[in-house]
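The values are calculated or read from the model by the stated rules, or taken from the named source; none is laboratory data. Bear in mind the structure is a predicted one, so any value in this text is a computation, not a measurement. So basically every Cβ, Gly included, is an ideal-geometry build from the backbone, and we count neighbours across all protein chains shown.
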Amino acid sequence: MSKHVNKVILLGNVGKDPEIKAMQSGDLVANFSLATMDRVKDQSGNWNDRTEWHNLVSFKRLAEVTCDYVSKGSKIYIEGKLTTRSWEDKETGKTMYRTQIIVLDLSLLGSRSDQKGNGNGRPQREESRTNESHSFAHAGGGQQDDYGDLGIDSSDIPF
C-alpha cells in the first residue's frame with residue numbers, strides 16, 4: 001500500500017478581506033488571498049524580499065468564521081491541502097486552471113490589542129480574546145499585527 005501526502009502549511013498576512021458566497025446547497029464558501037515573504041540574495045549580494053501570493057478557500061463553518069474574524073492584514077497560520085480546478089473559458093473555449101489551498105485549520109496570530117474588529121464592521125467575539133495567539137480547529141478569529149519588534153514598518157508590507 002502506498003501513502004500519499006497533500007498538506008500545506010502557511011504563515012502570512014491576508015491580502016484582502018475575504019469574499020463570502022453561498023453555494024447552491026446553502027453552505028458558505030470564503031475566498032481570500034495570503035501573502036508570504038521569502039528573502040533571497042541577488043547577484044550583487046543584496047537581500048531582497050519576495051512576496052508569494054496564495055489563493056485560499058474555506059467552506060461551511062470555517063468560511064463563516066473566516067468572514068467574521070479575518071480581514072486584510074490579519075496575520076494567520078493555516079493548514080490545508082492543495083487543489084487545482086479547471087473550467088472552460090466561455091469566451092475563448094480554452095481550459096483555465098486555478099490552484100488554491102483548501103483551508104482545514106486556521107490560527108490567528110497577534111496580540112489582544114489588535115483584536116478590536118476585523119475591518120468589516122463586525123466586532124470580535126469576546127470569548128476569543130483570552131490569549132495572545134488563538135488557534136481554531138475549523139474556526140477562527142482575526143486581527144492586525146504590529147511589526148515594530150521585527151524592524152518592519154508599513155512600507156515593507158505588500159498591501
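Key figures for this structure:
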read-out: Residue in segment 100-113 that is farther than 30 Å from residue 5 by Cβ and surrounded by fewer than 13 Cβ atoms within 10 Å (Cβ to Cβ) present; value: yes
read-out: Among the residues listed as 56, 82, the single one being modelled with pLDDT of 95 or more, over 12 Å from the mean Cα position of the chain (by Cα) and aliphatic (A, V, I, L, M); value: 82
read-out: Subset tally (residues that are hydrophobic (A, V, I, L, M, F, W, C) and part of a helix (DSSP H, G or I)) for segment 58-96; value: 4
read-out: Residues being surrounded by fewer than 22 Cβ atoms within 10 Å (Cβ to Cβ) and within 12 Å of residue 35 (Cα to Cα) - total across segment 76-87; value: 1
read-out: Search result, residues across segment 72-88 that are touching a Phe, Trp or Tyr at 6+ places or on another chain (Cβ under 9 Å) and of a type in the set (S, T, N, Q); value: 84, 86
read-out: Filtered residues of segment 90-110 (kept if of a type in the set (D, E, K, R) and without any contact (Cβ under 8 Å) to a residue 12 or more places away in the chain); value: 90, 91, 94
read-out: Number of the condition not met by residue 17 [criteria: (1) part of a strand (DSSP E or B); (2) in contact with a Lys or Arg (Cβ under 8 Å, 6 or more places away or on another chain)]; value: (1)
read-out: So residue 49, is it surrounded by fewer than 17 Cβ atoms within 10 Å (Cβ to Cβ), of a type outside the set (Ser, Thr, Tyr) and touching a helix residue (DSSP H, G or I) at 6+ places or on another chain (Cβ under 6 Å); value: no
